[in-house]
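The values are calculated or read from the model by the stated rules, or taken from the named source; none is laboratory data. The structure displayed is predicted, hence computed values, not measured ones. Neighbour counts run over all protein chains shown; Cβ positions are idealised from the backbone, glycine included. Quick note on the areas: whole protein, heavy atoms, side chains included, nothing else; ligands and nucleic acids left out. Shrake-Rupley method; radii C 1.70, N 1.55, O 1.52, S 1.80 Å.
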Amino acid sequence: MGKITEALRKVAEESMSRIEKRQEMTHGYIVTQKTDSKLDSRIVTFHDPTAPVTEQYKMLRTNILSLSARRNLKTFVVTSSIQGEGKTITAANLAFALAEDLNAKSVLLVDADLRKGRISRLLGLTPRAGLSDLLSNGVPLSDALLDIGVKNLTILPSGEIPKNPAELLGSVKMRQLLTELRGKFDAIILDTPPVMSVTDPGVLGSQSDGVFLVVQAGRTQRASVQHAQQLLNQAHARVLGYILTNVEYHLPEYLYRYIDSQPQQPVVVDTPSS
Ligand SMILES: Nc1ncnc2c1ncn2[C@@H]1O[C@H](COP(=O)(O)OP(=O)(O)OP(=O)(O)O)[C@@H](O)[C@H]1O
Ligand SMILES: [Mg+2]
């Protein structure tokens, strides 16, 4: 077994033992939902800042903040190989966790899944305009950015479903928009569709500072993850790391399977289903 794998296994086991201890104290994944909020209960970082799952998102935040400080990274694409691996829930929780950071970073969560954006619904919003409208209808940025009353967090919804999402995301206008947004925010999280279905994540990944690949443990085949990574590499998108979802106590085994040949340290996030 390589030194990296062994080190990762140790980190994973230690973190799981911490999480298990906290689960015992808090009776598992029970989330104290804030009843006066329209936000989906799976935005655990908002509803229950002390839940074990929130802790896992905070670990992810710590890794990202340290990466961005060392390498001056700001824009991050969240994607996965196939559909339904937990990209949107991960991107949203990550944005909330980053916004809660005491260093008061201004965070933008962009719904860049122009085909079936779900973030508005997840946050209980009914936006007038979104990303696709900025790119195709000449809508001003101020009309699309939403303040949802969470400190340091702004939302850019996906907008009306366009006929040509990949072209819009690869347009000069999109590049200009990202440049403008970089000037306004400290961290930008872009939720996207799956890599193996459409080209959008590669297109956005090449314009961003890096990509996080969500991997659903117990479902996604290793070959699919490798294929997704190849597609992203071909698009000149840089994979910064993996986020494992749907992981429970069998975590170290999955770590072996996914990262044996990969140097990046995966982060584990396990959210309760709706
Ligand atoms: N960390 C997690 N652990 C377990 N289940 C999760 C996790 N994150 C999300 N899920 C569940 O997985 C399902 C899909 O989540 P989500 O919509 O975020 O996936 P997605 O990758 O964005 O899907 P799509 O490809 O359709 O955009 C949901 O039922 C959600 O509750
Ligand atoms: Mg999604």
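Observations on the structure shown:
- From the options LEU122, LEU98, residue that is open to solvent by less than 10 Å² (accessible area, probe 1.4 Å) and either under 15 Å from the mean Cα position of the chain (by Cα) or touching a residue at least 60 places away in the same chain (Cβ under 8 Å) (or both): LEU98
- Among the residues of the stretch 182-209, those identified as touching a helix residue (DSSP H, G or I) at 6+ places or on another chain (Cβ under 8 Å), within 20 Å of ALA99 (Cβ to Cβ) and not in a loop (DSSP other than H, G, I, E, B) are ALA187, ILE188, ILE189, LEU190, ASP191.
- Applying the criterion of being surrounded by fewer than 24 Cβ atoms within 10 Å (Cβ to Cβ) and under 17 Å from GLN230 (Cβ atoms) to the residues of the stretch 204-213, the residue that is modelled with the lowest pLDDT is GLY210.
- Among (1) buried (at least 18 other Cβ atoms within 10 Å of the Cβ); (2) touching a helix residue (DSSP H, G or I) at 6+ places or on another chain (Cβ under 8 Å) - the single one LYS151 does not satisfy: (1)
- Scanning the stretch 66-86 for residues that are at pLDDT below 95, within 9 Å of ligand 1 (Cβ to nearest atom) and open to solvent by less than 30 Å² (accessible area, probe 1.4 Å) turns up at least one hit.
- Among the residues making up the stretch 219-245, those that are open to solvent by 20 Å² or more (accessible area, probe 1.4 Å), part of a loop (DSSP other than H, G, I, E, B) and closer than 28 Å to ASN72 by Cα are ALA235, HIS236, ARG238.
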